[in-house]
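The values are calculated or read from the model by the stated rules, or taken from the named source; none is laboratory data. Being a predicted model, the structure only gives us computed values, none of them experimental. All Cβ positions, glycine included, derive from the backbone under ideal geometry; neighbour counts span all protein chains shown. Calculation scope for accessible area: heavy atoms of the full protein, side chains included, ligands and nucleic acids excluded. Shrake-Rupley method; radii C 1.70, N 1.55, O 1.52, S 1.80 Å.
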Amino acid sequence: MTNPLRIALLPGDGIGKEVVAVGKALLETLRSRRGLPLELTTLDLGADRFLRDGATFPEADQRFVRDECDAVLLGAIGDPRVPSLDYARDILFGLRFGLDLYCNVRPVVCLADSLMPLAGKRAEHCNMVVFRENTEGIYVNVGGNFKKGTPDEVAINEDVNTRKGVERVIRAAFGFAKQHGRKRVHMSDKSNAMSYAHGLWQRTFKEIAVEFPEIEAKHVYVDALCLQMVRAPESYDVIVTNNLFGDIVTDLGAALQGGLGMASSANVRPDDARWTNVRSRCRGMFEPVHGSAPDIAGKDLANPLATVLTVGMMLTHLGFEGEEAKLTQLVKDAVAAGMTTRDLGGDKKTSEVGRWIIERA
Ligand code: NAD
Ligand code: IPM
Ligand code: MN
């Protein structure tokens, strides 16, 4: 028998717990029904743990994930009881930065005409994949305060962009486009205002594009991208951008998919010694794009479909061909059958939608 793949479940906070419960039940079902060799372990990390013993992402858990797990399925981190959110950054960035998961792959794909919010557009008009740089940019939290709390306060967050960091995610976006028969890669920046950092993105993008002559390489300023994603989402195929812009445009993208409850993501690191020094058994962290949604947490109202799609991305990454396509079809079937939560206009509970999917998986 093949060695099982170990998945660390990290429900986290708020609706993260509810949607990962669905993800867990789904994985258990796939294991028993179809023999997927999976071993599931739940990590006790998040606000409850922090409030209990002050731990955020202890060394022992970091080592366990890195060396003894193959992937992490995360729900969401963020709890109004802990306003500073330092613990959330420790966990989220501990995984993304710590494992050097430099590609945050976020499909912005609308799965049903009924979910498309734009007049005159159908689902087929929204089918893009955003490659968000995931390990640097303004997220590195380099900076500080001076004269804090006084009227003369200075507050600085530096935007850190390295040649290697920019090049590797741009290469990954082109590589993905080539592998999946996608025709166009747009790089989105704000080089008209941020000439140093985004000048590096411009130069690097042009250099790499030459190596992929079969793929159309285009540039779009991020403000114009936001406009055009709403006016003509069919203009986009693959988009590569920095950490902050990728965060923002994928929430906008989620609105085109039917809402945050439909947006999935993978934090991954194409393993190549040229681009990363990190060696880990863990190959990725997979999470819905949404947060912990304190406004609906604990009420069985959260849409679990983003997590179902995220489980699909994880299974593809772990080498289980075909599972993602089946799960994506099941999500489309659920939407068509009206088996949806309130955010999609339905009246079903998280647990009901979860059970419906699991019965058919
Ligand atoms: P959010 O994504 O949690 O919620 C935004 C809105 O979308 C809310 O109205 C919420 O009810 C709705 N929503 C989100 N997911 C939904 C789902 N699955 N089903 C139905 N409705 C859904 O964003 P926020 O309110 O800005 O953030 C709340 C907390 O989550 C904050 O602490 C934030 O930092 C954190 N957060 C964490 C992650 C993560 O862990 N990856 C991602 C985003 C936000
Ligand atoms: C996301 C979230 C996080 C991010 C927050 C919680 C730091 O918005 O995963 O999209 O900005 O990356
Ligand atoms: Mn976000």
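Looking at (1) within 30 Å of residue 102 (Cβ to Cβ); (2) in a helix (DSSP H, G or I); (3) open to solvent by 40 Å² or more (accessible area, probe 1.4 Å), which is the only condition residue 315 fails? Answer for residue 315: the failing condition is (3).
Within the option set 70, 90, 13, 100, being at positive phi and either in contact with a Ser or Thr (Cβ under 8 Å, 6 or more places away or on another chain) or in contact (Cβ under 8 Å) with a residue 60 or more places away in the chain (or both) holds for one residue only, 100. Would you be able to say whether some residue in the stretch 280-290 is assigned to a loop (DSSP other than H, G, I, E, B), more than 17 Å from residue 115 (Cβ to Cβ) and within 12 Å of ligand 1 (Cβ to nearest atom)? Yes, the conditions are met somewhere in the stretch 280-290. Counting only residues that are under 21 Å from residue 263 (Cβ atoms) and not in a helix (DSSP H, G or I), the stretch 8-25 holds 6 of them.
For the stretch 72-84, filtered to residues that are away from ligand 3 (no atom under 13 Å from the Cβ) and in a loop (DSSP other than H, G, I, E, B), the residue that is farthest from residue 139 (Cα to Cα) is 81.
The residue list 63, 89 contains one member that is away from ligand 2 (no atom under 13 Å from the Cβ) and either assigned by TED's automatic domain parsing to the domain that holds residue 330 or modelled with pLDDT under 95 (or both), which is 63. Taken together, the criteria place residue 172 among residues that are in contact with a Pro (Cβ under 6 Å, 6 or more places away or on another chain), within 20 Å of residue 103 (Cβ to Cβ) and open to solvent by less than 60 Å² (accessible area, probe 1.4 Å).
The set of residues in the stretch 257-292 being buried (at least 23 other Cβ atoms within 10 Å of the Cβ) and more than 15 Å from residue 73 (Cα to Cα) consists of 257, 258, 261, 262, 269. In the set (1) out of contact with any helix residue (DSSP H, G or I) (no Cβ under 7 Å at 6 or more places or on another chain); (2) farther than 30 Å from residue 111 by Cα; (3) buried (at least 18 other Cβ atoms within 10 Å of the Cβ); (4) among the hydroxyl-bearing types (Ser, Thr, Tyr), the condition left unmet by residue 250 is number (2). When the stretch 16-42 is filtered for residues that are in contact with a Lys or Arg (Cβ under 9 Å, 6 or more places away or on another chain) and not acidic (Asp, Glu), the ones remaining, listed by number, are 22, 25, 37, 38, 40, 41, 42. Flag set for residue 313, criterion: within 16 Å of ligand 1 (Cβ to nearest atom), among the aliphatic types (A, V, I, L, M), within 29 Å of residue 163 (Cα to Cα) and out of contact with any Gly (no Cβ under 8 Å at 6 or more places or on another chain).
I'd like to check something: does the stretch 105-118 contain any residue that is over 25 Å from residue 173 (Cα atoms), within 16 Å of ligand 1 (Cβ to nearest atom), in a loop (DSSP other than H, G, I, E, B) and out of contact with any helix residue (DSSP H, G or I) (no Cβ under 8 Å at 6 or more places or on another chain)? No: the stretch 105-118 contains no residue that is over 25 Å from residue 173 (Cα atoms), within 16 Å of ligand 1 (Cβ to nearest atom), in a loop (DSSP other than H, G, I, E, B) and out of contact with any helix residue (DSSP H, G or I) (no Cβ under 8 Å at 6 or more places or on another chain). Go through the stretch 16-33 and give me each residue that's in contact (Cβ under 8 Å) with a residue 60 or more places away in the chain, farther than 16 Å from residue 352 by Cα and open to solvent by 10 Å² or more (accessible area, probe 1.4 Å). Scanning the stretch 16-33 gives a single hit, 33. Checking 324, 352 one by one, the residue that is surrounded by fewer than 17 Cβ atoms within 10 Å (Cβ to Cβ), free of Cβ contacts under 8 Å to residues at least 60 places away in the same chain and either under 22 Å from residue 107 (Cα atoms) or touching an Asp or Glu at 6+ places or on another chain (Cβ under 9 Å) (or both) is 352 and no other. The listed residues are 81, 34, and the only one of them that is in the same structural domain as residue 285 (by TED's automatic domain parsing), more than 17 Å from the chain's Cα centre (by Cα), closer than 19 Å to residue 12 by Cα and not acidic (Asp, Glu) turns out to be 81. The residue that is farthest from residue 272 (Cα to Cα), among those in the stretch 63-93 that are buried (at least 19 other Cβ atoms within 10 Å of the Cβ) and of a type in the set (Gly, Ala, Ser), is 78. Within the stretch 119-147, take every residue that is open to solvent by 30 Å² or more (accessible area, probe 1.4 Å) and part of a helix (DSSP H, G or I) and give me the one that is nearest to ligand 3 (Cβ to nearest atom). For the stretch 119-147, the residue satisfying everything is 139.
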